[in-house]
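Read the structure below first, then the notes.
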Amino acid sequence: MARFAARRLVNMVFVLIAISIITFLIFYKIPGGDPVLRIAGRASNETTRAQIREDYGFNDPVYVQYGELMKKTVSGDLISYSNRVNVREELVRGLPATLSLVIGSAVIWLFFGVLFGVLSAVYAGRWPDRVITILAMIGISLPVFWLGALLLYYLTFKVSLFPAGGYVPLTEDPAGWFSHLILPWFTLSILFIGFYTRLLRSNMLDVMNEDYVRTARAKGLSERRVLGRHVMRNALIPIVTLFGLDVGAAIGGGAILTESVYDLQGIGQYVADSVGSLDLPPIMGTTLYAAFFIVLFSAIVDILYARLDPRVRLNQ
Amino acid sequence: MSAPLLDVSDLRVSFATEEGVVKAVDGVSFDLRAGEILAIVGESGCGKSVTALTVMGLSRGPNATIEGSAMLSGVDLVTMDDEALHKVRAERVAMVFQDPMTALNPVYKVGDQIVEQIRAHEDISKEAARARAIEALRSVGIPNPGRRYDHYPHEFSGGMRQRAMIALALSLEPEVLIADEPTTALDVTIQAQILSLIERLNRDRGLAVILITHDLGVVAEVADRALVMYAGRVVEEGTLDDIFYDPQHPYTWGLLGSLTRIDQPRPRRLPLIPGAPPSLISPPQGCHFRPRCPHAFTKCPTTPPLEARLPDNPGHRDRCWLDSETKRARRVVEDRIGLVASAE
């Protein structure tokens, strides 16, 4: 397992390098990507711009520019072209909000996804299944920005049940932290609960038709034990995989919409702002940050998968 | 003759499907005596597996309707409540399934799956159950059972998995073993090993076995008696000699005729039974085999009962209206038993 982890780590470096090159090239080619205007301002004259071009090394060959950028990325000296803010500091500043949002939501969506999925499968075709299926479909179809805006309007503006957005650090005010996060947690979870419910339902129904479940019944086990030990154990394996990847992506900045609607100042929101202003250093920083978490979690998923399914061997 | 261990009487199982009600088992009766091997033979879809699953209570479900009875020394398995059924399963009647590749749970160790069964039925310690499981694995001829206990199903070969399934089935020393095509998914050499294992357990422990198969070779190998099933009904029942040397039902002739035998000249083409089995949603009126039977006559649209039709052999029963003289004359095709001549 240690060797597997080491190999994945080496792979990860290569993946990150590849991603950084692609990001850099896309940015280099994109119309309106020229950073000089952003640094000098629109009202600047040609002399200033030429000076900036020279100072920042924009006249250097592409690979030199790339090398410089990566050097700064690795050393943590990456600075935004438009507002001169250090990218690493911004990421570190956004991390608590994003982690609070994602971890809280993940607990909620896993719990309810599994609960509804199991109920749906056990009552397949009967009314609890029908109700859950309709709710799951609604959950999957609800746009996050719409749901978020609606909740904000009705639950904070009309009825002041919850604070209107923003993030309060856990260490400063645990109660405030909690009340500020309830709506975002719920908003981010809805979609995942819908997906997990549907996936677990179909997994469980598949597994229930497996021969080994019939064997388990033939062994004289109680229905509860058949479901708990034989059906669930196998039906949850794909859920674990999906969960790992979803959490990785959400920490990596995937919760952009939720963070923006509730103004959590998390990493997703930072990603959205950087992309909006076509600012290369933060784009590079956040892309590599996101890629890091996604690659990390997929490695964790692989290791977990091998733990859960004895047929899977990590190739040594 | 001792009282039967298992007495199945007029068993009817039907399933509601979108196309209609499938009458999978349509009035099956038989008995299983202590210490005998009873084969149930028939082609796919004839209801032999459903019959077996119903005896185990495994065909119950929201879409299933089950009538008739299956008395296991005085208690009816058909009407028994789930709680009591859990006690009967594995403890008194155990089952081995067709495909050993999929019948064991891939995520648990083989030994643990046996221990799970033992501890679901008996209040004993893990260590004691483990010892029993190892003993069960040893008794079915798995080499090195102590080490094999900790292996996962995918680390076993097909034959070893089927042995492990049999070990699982026998770990609580049931009175009846139902083996549903236990050798179909295995290589021929392994088939022979599994069959001789079942035979040995039958001989040594007096285990009564219901052996479900579509392979008449398997029947000839190990069974004491056989039921021939067709389209949800038993069409013929008798000892091995009855079935192989004096078959009374044209369907049985067809089955025997479609066998190739090593001690007889090779046919130019394999004789087969013309036509296909009927739909079980709307089976033909009267004898189910009528549409495929070249000997059908005016009486066949009335269902023939399964009864002894040979005065000197009350144990040999069949469902065919023809009189036994006519049967004996008509079943000889090309100097052997068959239904139709092999096609040129």
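Throughout, read-outs are computed from the coordinates displayed, never taken from laboratory work. It should be emphasised that the depicted structure is a prediction, and the values quoted were computed from it without experimental measurement. Heads up, the Cβs are rebuilt from the backbone with ideal geometry, glycines too, and the neighbour counts pull from every protein chain shown.
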>> Output wanted: per-residue J couplings in Hz (rounded whole) for the stretch A:277-291, from phi through Karplus 6.51 cos²θ - 1.76 cosθ + 1.60, θ = phi - 60°, x for Gly and Pro.
In response: 9, 6, 9, 4, x, x, 4, 4, x, 6, 5, 5, 4, 5, 4
> Ranked highest first by average number of other Cβ atoms within 10 Å, how do B:148-155, A:102-109, B:14-21, B:72-79 line up?
Replying inline: A:102-109, B:148-155, B:72-79, B:14-21
> Per residue of B:90-103, how many C-beta atoms from partner chains lie within 10 Å of its own C-beta, taken as a mean?
Replying inline: 3
> Out of residues 5 or more away from B:A90 or on other chains, whose amide H comes under 5 Å of its own, with H placed 1.01 Å from N in the peptide plane?
Replying inline: B:M95
>> With angles folded into 0 to 90 degrees, how steeply does helix A:174-208 sit against the dominant principal axis of chain A? Use alpha carbons for both and round to 10.
In response: 50 degrees
> Which entries in the list A:K219/B:K87; A:K219/B:K109; B:K87/B:K109; B:K48/B:K299 go over 20 Å, if you measure between the two C-alpha atoms of each?
Replying inline: B:K87/B:K109; B:K48/B:K299
>> Using a Gaussian network model on chain B with a 10 Å cutoff between Cα atoms, which of B:A84, B:A34, B:A179 fluctuates the most?
In response: B:A84
>> Skipping prolines and chain starts, which residues have an amide H placed within reach, meaning under 5 Å, of the one on B:G68, given they are 5 or more residues away or on another chain?
In response: B:R12
> Rounded to the nearest 0.05, what FRET efficiency is calculated for A:L9 and B:E155 with R0 set to 30 Å and r the Cβ-Cβ distance?
Replying inline: 0.50
> How far apart, in nm, are the 7 Å Cα→Cβ label points at B:T65 and A:I22?
Replying inline: 6.0 nm
>> Nothing charged except the Cβ atoms of Lys and Arg (+1) and of Asp and Glu (-1): what's the magnitude of the dipole of the stretch B:244-337 about its Cα centre? Round to the nearest 20 debye.
In response: 340 debye
>> From Cα pairs below 8 angstrom and at least 6 apart in sequence, can you work out the relative contact order of chain B, rounded to a whole percent?
In response: 18 percent
> Taking each residue of A:217-229 in turn, how many C-beta atoms of other protein chains fall within 10 Å of its C-beta, and what is the average?
Replying inline: 6
>> Mean-square fluctuation check for chain B, GNM, Cα pairs under 10 Å: which of B:V219, B:V22, B:V93 is largest?
In response: B:V22
>> Spelling out what I want: for every residue of the stretch A:256-267, take phi, set θ = phi - 60°, compute 6.51 cos²θ - 1.76 cosθ + 1.60 (Karplus), and round to whole Hz; glycine and proline get x.
In response: 3, 5, 4, 4, 6, 4, 9, 6, 7, 6, x, 6
> Taking the Cα-to-Cβ direction at B:K299 and at A:F111 and moving 7 Å from each Cα, how far apart do the two end points lie in nm?
Replying inline: 7.4 nm
>> Output the 0 to 90 degree angle, nearest 10, between the alpha-carbon long axis of helix A:46-56 and the longest principal axis computed from the alpha carbons of chain A.
In response: 60 degrees
> Per-residue HN-Hα couplings for the stretch B:6-21, Karplus 6.51 cos²θ - 1.76 cosθ + 1.60 at θ = phi - 60°, whole Hz, x for Gly and Pro?
Replying inline: 10, 10, 9, 9, 6, 6, 10, 10, 9, 10, 7, 10, 5, 7, x, 8
> Spin-label point model (7 Å from Cα, Cβ direction): what's the B:R138 to B:E325 distance in nm?
Replying inline: 6.3 nm
> To the nearest 10 degrees, how steep is helix B:110-121 against the longest Cα principal axis of chain B, on a 0 to 90 scale?
Replying inline: 90 degrees
>> Connecting C-alpha atoms closer than 10 Å in a GNM of chain A, tell me which of A:R198, A:R38, A:R224 has the biggest fluctuation.
In response: A:R224
